[in-house]
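Below is one structure, written out as structure tokens; the observations come after it.
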Amino acid sequence: MEYNVRPGVAGDAEVLLGFFDEAVEWLVARGSAGQWGTEPWSTVPRRVERVREYAADPEFRMAEIDGKPAGALVLGACPEFVPAAGEPELYVRLLITSQRFTGHRVGARLLGHALDEAKQRGIDLVRVDCWAGGDGDLPRYYQRQGFAPTVQFTVDGWLGQVLEQRVGG
């Protein structure tokens with residue numbers, strides 16, 4: 001299988017929206033509707049608009065396996081609802097993978113891409129946030145990828161966990 005990360009383009013918005021719809025279906029099936037709710041993102045206008053913004057972002061990257069979209073990454077600045085790091089950082093604003101490529105380490109590879117980007121830019125800190133509710137499996141996933149939990153935050157009752165990893169070298 002050939003794995004590739006390419007710059008994303010605004011035309012990828014529909015594919016990205018499909019990733020979110022797949023994720024919601026999967027989350028609901030496993031009892032984790034608290035993360036993104038039960039409605040497909042493609043049916044919620046403000047979420048469709050957010051996906052279009054992600055797809056238009058110059059820091060949007062699309063992962064492909066054998067030429068097929070497998071995941072997406074958006075890097076950038078820390079969101080306003082997360083406590084500032086107090087030093088230069090590269091923030092993972094979005095990491096999502098297609099359910100069709102479960103088990104192909106797409107998320108881990110995209111996180112590796114983020115770490116490589118930080119290193120190339122001379123930035124030592126990479127942070128990400130995720131839903132800290134449910135069974136806590138999502139923060140544990142990031143910990144398995146080498147990220148360490150730092151602070152938690154709440155936005156409109158949604159519990160988030162910030163994790164960080166030093167690039168070094």
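The values are calculated or read from the model by the stated rules, or taken from the named source; none is laboratory data. This one's a predicted model, so the numbers in the text were calculated from it and none came from an experiment. Please note: Cβ atoms are built from the backbone with ideal geometry, for glycine as well, and neighbour counts cover all protein chains shown.
All conditions but one from (1) closer than 21 Å to residue 57 by Cβ; (2) touching a Leu at 6+ places or on another chain (Cβ under 8 Å) apply to residue 112; the one that does not is (2).
A quick yes/no check of all residues on (1) at pLDDT 95 or above; (2) farther than 20 Å from residue 143 by Cβ; (3) in contact with a Lys or Arg (Cβ under 7 Å, 6 or more places away or on another chain):
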| residue | (1), (2), (3) |
| --- | --- |
| 12 | yes, yes, no |
| 62 | yes, yes, yes |
| 68 | yes, yes, no |
| 96 | yes, no, no |
| 100 | no, yes, no |
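For segment 102-169, the strands (runs of 3 or more DSSP E) that sit wholly inside it and include 3 or more residues that are of a type outside the set (A, V, I, L, M) and buried (at least 16 other Cβ atoms within 10 Å of the Cβ) are 125-131, 158-166. Kindly check whether there is at least one residue in segment 72-86 that is in contact (Cβ under 8 Å) with a residue 12 or more places away in the chain, among the aromatic types (Phe, Trp, Tyr), out of contact with any His (no Cβ under 7 Å at 6 or more places or on another chain) and farther than 24 Å from residue 151 by Cα. No, the conditions are met nowhere in segment 72-86. Pairing each residue of segment 33-60 that is under 16 Å from residue 7 (Cβ atoms) and modelled with pLDDT of 95 or more with any residue that is among the small types (Gly, Ala, Ser) and in a helix (DSSP H, G or I), provided the two are 6+ apart or on different chains, yields C-beta distances under 7 Å for 55/10; 55/13; 56/10. Is it true that some residue in segment 21-36 is in contact with a strand residue (DSSP E or B) (Cβ under 6 Å, 6 or more places away or on another chain), farther than 21 Å from residue 156 by Cα, crowded, with 17+ Cβ neighbours inside 10 Å and not aliphatic (A, V, I, L, M)? No; the residues of segment 21-36 include none that is in contact with a strand residue (DSSP E or B) (Cβ under 6 Å, 6 or more places away or on another chain), farther than 21 Å from residue 156 by Cα, crowded, with 17+ Cβ neighbours inside 10 Å and not aliphatic (A, V, I, L, M). Reported count of residues in segment 131-169, each being of a type in the set (A, V, I, L, M, F, W, C) and over 18 Å from residue 118 (Cβ atoms), is 8.
A single member of 63, 70, 55 is hydrophobic (A, V, I, L, M, F, W, C), crowded, with 18+ Cβ neighbours inside 10 Å and under 15 Å from residue 13 (Cβ atoms), and it is 55.
Which numbered condition in (1) in a loop (DSSP other than H, G, I, E, B); (2) surrounded by 14 or more Cβ atoms within 10 Å (Cβ to Cβ); (3) of a type outside the set (A, V, I, L, M, F, W, C); (4) in contact with a strand residue (DSSP E or B) (Cβ under 8 Å, 6 or more places away or on another chain) is the only one that residue 88 fails? Condition (2) is where residue 88 drops out.
Sort through 111, 115, 95, 125 and tell me the only one that's in contact (Cβ under 8 Å) with a residue 40 or more places away in the chain and either under 27 Å from residue 68 (Cβ atoms) or among the acidic types (Asp, Glu) (or both). Exactly one residue qualifies, and that residue is 115.
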